[in-house]
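A short reminder: the numbers here are calculations on the coordinates, not readings from a lab. Just so it is clear, the structure is predicted and the values come from calculations on it, not from any experiment. Cβ coordinates were reconstructed from backbone atoms using ideal geometry, including for glycine residues, and neighbour counts include every protein chain displayed.
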Amino acid sequence: MIAVVQRCSSGRVCVSGEEVGALGARGGLLVLLGVEVGDASAQAQRMAEKLCKLRIFDDAAGKMNLAVSDVGGSILLISQFTLAGDCSGGNRPSFITAQRPEAAEPLIHEVVQHIVQAAIPVATGRFRTTMEVSMVNDGPVTLIVRVA
């Protein structure tokens, strides 16, 4: 499972012009999440734990030492199968390692449920739709997180 995690002051996702998810007023994490072949519940749980505990918000001394819950932030999680794209063989990406949608969607939902259980507000995009994502990256801080 792979994620692009961005610390944001604001973020939203729209489908056909309708907002379907957004970060709360205090900002938080915009997470683009890709599920790969071989991923299972164990990876969903580890990814959720990593997202909830990732210390990338500034403390009083200006050091990245606080998690999203410490700053009263939220998570906007958006499925993104293209993260599993492999461009090493040419100019057109191969998606052989991307999990099939019918297997990926339940794992995305598992990640969301683990975040909910951690009492962190979470919003999502809409699986298998064309989405428009906008955000203001704070920092900028952007990380690639992979769990196996």
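Residues of the stretch 111-148 with amide nitrogen under 19 Å from the 7 Å Cα-to-Cβ point of Asp58?
Those under the cut-off are 136-143.
Rounded to the nearest 10 degrees, what's the angle between the helix 41-53 long axis and the longest principal axis of the chain, both from Cα atoms, 0 to 90?
Helix 41-53 sits at roughly 30 degrees to that axis.
Based only on other Cβ atoms within 10 Å, what is the fewest-to-most ordering of Arg92, Arg126?
So the ranking, lowest neighbour count to highest, is Arg92, Arg126.
Spin-label point model (7 Å from Cα, Cβ direction): what's the Lys50 to Ser88 distance in nm?
Between Lys50 and Ser88, the label points sit 1.8 nm apart.
Any idea what angle helix 101-117 forms with the longest principal axis of the chain, computed on alpha-carbon atoms, 0 to 90 degrees, nearest 10?
The helix 101-117 is inclined about 20 degrees to the chain.
Tell me the mean residue ellipticity at 222 nm calculated for the chain from its helices only (DSSP H runs of n ≥ 4, each -39500 (n - 2.57), averaged over every residue, nearest 500).
That comes out to -6500 deg cm²/dmol.
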